[in-house]
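A short worksheet on the structure shown next.
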Amino acid sequence: MDIDMSVYHGELRARLRRAEAERAARVAAGVFDAVPRVSRALAAKDVLVTGGSGFMGRVLLEKLLRSCPDIGTVYLLLRAKKGVAPADRVADIVNVPLFDQVRREQPECLSKLVAVSGDCAELGLGLAAEDRAMLRDRVSVVFHGAASVRFDDPVQKAVLLNTRGAREVAELCAGMRQLQASALVYTSTAYTNMNQDMVEERLYPAQLDWRRVIRAAEDADTAAAMDNLGPKLLRYHPNTYTFSKALAEHIMAEAAASLNLPVVIVRPTVVIGAAKEPLVGWLDNLNSPATLWAAVAMGVIRVSRLFSTDAVTDYLPVDIVTKATIMAAWSTATDQWRSKGEDAEKGLNLPVVNVAISDVHAVPGWVCYEIYHKSVRLRAPAPRAIRYPVFLDVADNWLLYTAMHLVYHVMFGAVMDGLLRLTKQKPRLMKVYRKLELVNVALKPLVGRKTYAFDTSRFWKLQGLMHPDDIQDFDLDLDSLDPRIDGSNQLEGIYKYALKENFDRQKALQHNNRLFWIEIGFYMFVIALFIFWYAF
């Protein structure tokens, strides 16, 4: 697909010019003479990160170490997992290609990562008394990103980890003496208010009292009732993830108001692999929506209900989200947001940042289809595709989708698993299709027919507030986004980092070409069989 980026990014470039003009005005006014850049603001400051073992958490840790080498100790709240102690898990977290640049250029920074045994699903975060006292005495900045991102979690589990966990973090932060002049960043989601067509950067009225919900989740009898209520309890929320995160936002808002904590809420949309740094396409798991395109490239999926032609889904590379998160912390710690008087007039007692770009970098479903077939399929073919990749646009036709899903997925999966059993191998394809169907159900409200609009005033304000010396390290570089290139980079990232395959484009194209002729031969055989049947 031919895209004229000067037209496609017209509004984006206009906003960038306004941000640059705002920054230039602040430079001329001497604002930055008394405001330190990010790395200096974090120099010698101890930081607490929850969720550091997850996809977004790892990228945050890497960026903090690489761009703020003088940072103090970075404490990671970690629980023992599969018999591995928290201290030993730190080595597992950094022993991935994501940290290669830090390992190569600033190896001493990796020793700044220190594990603290704890669990956000436990009361008191599962912290020992001495660890709690140590964190309260030393930590200046907190990034709370720990959460269960499984959309099908029972209500009780989601509430105890995502909602009560936020309360426990706020209570821990209330005793941090050095936090008052810094920042507590809470990573939420842009989809906490899906009953709104335009999601503003503010807190909306609470659906339920978070205290009562937590008490109900803590009681075994009422927790079971909550799980059974399902959609009636969640109301407009499509899953327990957005439900529990919405309640947690109100916990953070009350902590900002009553405990005087410097809270900032960051709401990213759908997070995908890195656009640029530190590794193009970095994605270490198969939970991203980009994984569906990888399944298409591998020949596993040929139809899907997720890609409606008119719907615009807000996809954000993880490195952009990470930069915005750190910049939000810096803006809060250095008091760069608008005055509290203005916030009070609008009923706001804390800054909320919607990290979204679909209003200036829209990629509707039909563009995804066209880009995939004309560009991505050839740029990033799957090295180990199981059949020739074809993706059919039938999401808007329920009957056609059902028929093709039966033929291309269910029947194909049953046959392939049967062949695996005959060769005494473990059948796996039907299990894959069941998982993909769960993904379809979970993501449909986010990437289906409805298009959500997001107010991004503060998100763009971050770029105007940016210190001139931070442009090299923290500029979001949004104008460099190009769906034709980024799509193939996402797939290559999945092959290399999530599937750990050696990607060779030429060999993969040759493999796909063989699959094409094998499929053509199969169809010719079937046709010949029918002709023979009716002729004789």
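The values are calculated or read from the model by the stated rules, or taken from the named source; none is laboratory data. All of these numbers come straight from a predicted model, not from anything done at the bench. So basically every Cβ, Gly included, is an ideal-geometry build from the backbone, and we count neighbours across all protein chains shown. Just the protein is used for accessible areas: all its heavy atoms, side chains included, with ligands, DNA and RNA removed. Shrake-Rupley method; radii C 1.70, N 1.55, O 1.52, S 1.80 Å.
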- Note on the structure: PRO427 vs (1) in contact with a helix residue (DSSP H, G or I) (Cβ under 9 Å, 6 or more places away or on another chain); (2) part of a helix (DSSP H, G or I); (3) without any contact (Cβ under 8 Å) to a residue 12 or more places away in the chain: all pass except (2)
- Condition met for LEU12 (more than 30 Å from PRO97 (Cβ to Cβ) and touching a Leu at 6+ places or on another chain (Cβ under 7 Å)): yes
- Task: Could you check the range 471-536 for helices (runs of 4 or more DSSP H) lying wholly inside it with 1 or more residues that are in contact with a Pro (Cβ under 7 Å, 6 or more places away or on another chain) and either under 19 Å from PRO97 (Cβ atoms) or not aromatic (Phe, Trp, Tyr) (or both)?
- Result: 505-535
- Query: Between residues in the range 390-414 that are in contact (Cβ under 8 Å) with a residue 40 or more places away in the chain and farther than 20 Å from TYR369 by Cβ and residues that are of a type outside the set (Ser, Thr, Tyr) and assigned to a loop (DSSP other than H, G, I, E, B), which pairs lie under 9 Å by C-beta distance while being six or more apart or on different chains?
  - Reply: none
- Task: Filter the range 71-94 down to residues that are part of a loop (DSSP other than H, G, I, E, B) and at pLDDT 95 or above and give me whichever is surrounded by the most Cβ atoms within 10 Å (Cβ to Cβ).
- Result: GLY72
- Note on the structure: Within the range 349-390, residues being open to solvent by less than 40 Å² (accessible area, probe 1.4 Å) and either over 25 Å from the mean Cα position of the chain (by Cα) or among the polar types (S, T, N, Q) (or both) number 7
- Query: more than 30 Å from ALA25 (Cβ to Cβ), open to solvent by 20 Å² or more (accessible area, probe 1.4 Å) and not hydrophobic (A, V, I, L, M, F, W, C): does that describe GLN510?
  - Reply: yes
- Query: Which is within 21 Å of VAL296 (Cα to Cα) and either assigned to a loop (DSSP other than H, G, I, E, B) or touching a helix residue (DSSP H, G or I) at 6+ places or on another chain (Cβ under 6 Å) (or both), of LEU406, LEU392, LEU378?
  - Reply: LEU392
- Item | Which numbered condition ARG428 fails, given (1) crowded, with 21+ Cβ neighbours inside 10 Å; (2) modelled with pLDDT under 90 | (1)
- Task: Only one of these is farther than 19 Å from ALA255 by Cα and either in contact with a Gly (Cβ under 7 Å, 6 or more places away or on another chain) or not in a helix (DSSP H, G or I) (or both): VAL141, VAL114. Name it.
- Result: VAL114
- Note on the structure: Those residues of the range 198-233 which are in contact with a helix residue (DSSP H, G or I) (Cβ under 6 Å, 6 or more places away or on another chain) and within 21 Å of PRO268 (Cα to Cα) amount to GLU201, LEU203, ALA206
- Message: Any residue at all in the range 292-313 that's modelled with pLDDT of 90 or more, out of contact with any Lys or Arg (no Cβ under 9 Å at 6 or more places or on another chain) and open to solvent by 10 Å² or more (accessible area, probe 1.4 Å)?
- Response: no
- Task: Filter the range 24-38 down to the residues that are open to solvent by less than 30 Å² (accessible area, probe 1.4 Å) and not in a loop (DSSP other than H, G, I, E, B), then identify the one that is nearest to LEU465 (Cα to Cα).
- Result: PHE32
